[in-house]
Amino acid sequence: IGATGSIGKVSAKLLALVFEKLIIVAPRLERLEQLKSELEKVNPRCEILVSTDANHFAGISDVLVTATSSVDQKIIDVMQLKPGCVVCDCSRPLDFSKEDARKRPDVLIIESGELILPGAYNLTCDIGLPKNVVYACLAETAVLAMEERYESFTLGRDIDWMKVKEIYKMSQKHGVKLARLYGHLGDISEKEILLTRELALTRRKNG
């Protein structure tokens, strides 16, 4: 959802590499059709569907990635989601609220974008994350500084696909790692994941 935006496009290309079917959602159909053509070149074996309605395919989607910038409207109805769906909410502000998460304990909602930088460093402001954990945008800047590359890297609407691969390789080189999964109430534990799975299986069984 938000597939034609800067983060949405990159996410869609990554998802097209690993899924057999991908549904891309955004308000403007012409941009979706253009992106569909790009994705078919990335992986011709991935079936690409398009929609301007986020709720249309919500009930059949196993994984949902949102990368919107909506402030004053609800992008998707959490009650429409498939039991057991894994949601990766890349949007800022978030598309899903704490209340949404409470309504659907059978759906796993993850707040994405957190990384652990290597070594010791002094962060002089509170960004609302645990110690040594930063958002991906800040981590990218830090990695570029470690490489002594003082440049604009992924600014603008159209992020260069090759730069995504490049920053990933640089991050691996310097030991940047994914942080633990976080939800609306903090760390998502293995116990919580198992409970979500049990609730999802029960809901599917009961229809």
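Here are some notes:
- The residue list TYR135, TYR182, TYR168 contains one member that is under 27 Å from PRO93 (Cβ atoms), aromatic (Phe, Trp, Tyr) and modelled with pLDDT of 90 or more, which is TYR168.
- Across the range 49-69, the number of residues qualifying as in a loop (DSSP other than H, G, I, E, B), over 16 Å from ASP100 (Cα atoms) and free of Cβ contacts under 8 Å to residues at least 40 places away in the same chain comes to 6.
- Close pairs (8 angstrom Cβ cut-off, 6 or more residues apart or separate chains): without any contact (Cβ under 8 Å) to a residue 24 or more places away in the chain and closer than 16 Å to CYS137 by Cα in the range 167-194, open to solvent by 50 Å² or more (accessible area, probe 1.4 Å) and of a type in the set (Gly, Ala, Ser) anywhere: none
- Selection within the range 121-155 - within 18 Å of ILE7 (Cβ to Cβ) and open to solvent by 90 Å² or more (accessible area, probe 1.4 Å): CYS137, LEU155
- So PRO118, is it outside any helix (DSSP H, G or I), modelled with pLDDT under 95, under 30 Å from ARG203 (Cα atoms) and open to solvent by less than 80 Å² (accessible area, probe 1.4 Å): no
- Condition check for SER37: within 26 Å of THR4 (Cβ to Cβ), surrounded by fewer than 19 Cβ atoms within 10 Å (Cβ to Cβ), of a type in the set (Ser, Thr, Tyr) and under 17 Å from the mean Cα position of the chain (by Cα): no
- Index of the failed condition, LEU81 passing every other in (1) surrounded by 12 or more Cβ atoms within 10 Å (Cβ to Cβ); (2) touching a Cys at 6+ places or on another chain (Cβ under 9 Å); (3) at pLDDT 90 or above: (2)
- Residue tally, condition charged (D, E, K, R), out of contact with any helix residue (DSSP H, G or I) (no Cβ under 7 Å at 6 or more places or on another chain) and part of a loop (DSSP other than H, G, I, E, B), over the range 86-108: 2
- Figure legend. Inter-residue proximity from the range 105-117: first residues farther than 12 Å from CYS85 by Cβ, second residues open to solvent by less than 20 Å² (accessible area, probe 1.4 Å) and part of a loop (DSSP other than H, G, I, E, B), beta-carbon distance below 6 Å, spacing 6+ or different chains. Indicated pairs: GLU114/ALA179; LEU115/ALA179; ILE116/ALA179.
- Scope the range 156-207; condition open to solvent by 30 Å² or more (accessible area, probe 1.4 Å), farther than 30 Å from ILE60 by Cα and among the hydrophobic types (A, V, I, L, M, F, W, C); matching residues: MET162
- Breaking point among (1) closer than 24 Å to LYS74 by Cα; (2) under 15 Å from the mean Cα position of the chain (by Cα); (3) of a type in the set (Lys, Arg), for ARG28: (2)
The values are calculated or read from the model by the stated rules, or taken from the named source; none is laboratory data. All of these numbers come straight from a predicted model, not from anything done at the bench. Reconstructed Cβ throughout: ideal geometry from the backbone, glycine too, with neighbour counts over all protein chains shown. Heads up: the accessible areas ignore ligands, DNA and RNA and are worked out on the full protein's heavy atoms, side chains in. Shrake-Rupley method; radii C 1.70, N 1.55, O 1.52, S 1.80 Å.
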